[in-house]
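Chemist: Have a look at the structure that comes next, please.
We did not get these values from a lab; they are worked out from the coordinates using the rules stated. This is a predicted model, so every value here is computed, not measured. Note: ideal-geometry Cβ built from the backbone for every residue, glycine included; neighbour counts use all protein chains shown.
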Amino acid sequence: MSMTQVRGETAIEPPSARTVDMKLEVVVIPVADVDRAKRFYGDLGWRLDADFATDDDWRAIQFTPPGSGCSVIFGRNVTAAAPGSARGLYLVVSDIEVAREELLRRGVEVSEVFHGADDVRAGADEPYVFGRLRISGPDPERRTYRSCASFSDPDGNGWLLQEITARFPGRVDANGTTFTSSTELAAALRRAATAHGEHEKLIGHHDEEWPDWYAEYMVREQAGKELPS
């Protein structure tokens, strides 16, 4: 792995010339019972994009999670992988506890929220996140990337919810800010409101320019830049 600089928790790669966009579109997951899997992912509230079948025993179903630019496909004779063998399928959320409660309301068995130990490596058969032992509860400082919860589909394909509230530097386009749902935008506004409350305490008066402060905070947070104080 090429790495020119390591800063804290993220590797910074040297910039390279852009050639052509390559957008991850679909991940194939192996299932044994296609109709059972279709019911499960439909019950999650994911968007059903396609259900195609042919006379030669082939069928493909595509679902897209809310706010996702990438979809999942499963079906009959679409992959040679063993049913349930997909692991580490990450679903990024802005609030891990809200996301978990939503899945519970939909009848999904979800783990408790957990975070990874900073310095303890997990053994081969131990539960882990990024190779670290799982510790019950969200990250104490609620640091981005740290709080998770897990669940599986009926075949055993493993999904991991991961709370990301700010991207590490270099992981997003610093010139653009995108919120894919009203829920994600609302969560960002709440974080900005909390930070702005501390800002007003610091300056000692009501900030008439709070919309500009909110906007700057939200753009910087998403781009992984230093936040305003």
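Chemist: Using θ = phi - 60° and the Karplus curve 6.51 cos²θ - 1.76 cosθ + 1.60, what whole-Hz ³J(HN,Hα) does each residue of segment 200-210 get, with Gly and Pro shown as x?
Modeler: Listing the rounded values in order: 5, 4, 5, 8, x, 7, 5, 8, 5, 9, 4 Hz.
Chemist: I would also like to ask the following. Grab the Cα-Cα distance for Met22 and Arg36, subtract it from 0.36 nm times how many residues apart they are, and report the gain in nm with one decimal.
Modeler: Between Met22 and Arg36, full extension yields 1.8 nm more.
Chemist: What distance in nm separates the two pseudo spin-label positions at Arg220 and Asp55, each 7 Å out from Cα along the beta-carbon direction?
Modeler: Label at Arg220, label at Asp55, 6.5 nm between them.
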